């Protein structure tokens, strides 16, 4: 009897540990997928692809200053995004909020008329789950002007 109880407890413990691992992997997959899809949508140049995904309360910070939702949409429209590479994703989640950090390397990136470095630089995005689905709430672009 004691042996059955111990086996049951071990099986339950392993199940909990395994489930926690899947949950974390799922968060990573969701966060990375959201970010990669946003980049693809921005690359199309079609506002209708990315604008609905940007939360009303969106804020960003770039080399040239802060932006709200409308200013960010204008920046993306004027971006002319070319070839890029995203790497080294790290994703955390709390409830309906996902934070994604990663490196972005863009062959030609101009923000506010300033040519930025083409070396891999850190980015941070915050996503929130709403009744409209996942929305982009905040973004930090840590790329600096080319010297």
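The values are calculated or read from the model by the stated rules, or taken from the named source; none is laboratory data. Note that the structure is predicted; figures quoted are calculated from it, not measured. Because the Cβ atoms are built from the backbone with ideal geometry, glycine has one as well, and the counts that use them run over all protein chains shown.
Data for the structure
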| item | result |
| --- | --- |
| Top-ranked residue in region 59-89 [being surrounded by 13 or more Cβ atoms within 10 Å (Cβ to Cβ) and within 13 Å of the chain's Cα centre (by Cα); ranked as nearest to residue 139 (Cα to Cα)] | 60 |
| Hits in region 79-105 (condition: touching a strand residue (DSSP E or B) at 6+ places or on another chain (Cβ under 9 Å) and free of Cβ contacts under 8 Å to residues at least 12 places away in the same chain) | 95 |
| Strands (runs of 3 or more DSSP E) contained in region 68-147 and holding at least 3 residues at pLDDT below 90 and within 25 Å of residue 48 (Cα to Cα) | none |
| Selection status of residue 32, modelled with pLDDT of 55 or more and touching a helix residue (DSSP H, G or I) at 6+ places or on another chain (Cβ under 8 Å) | no |
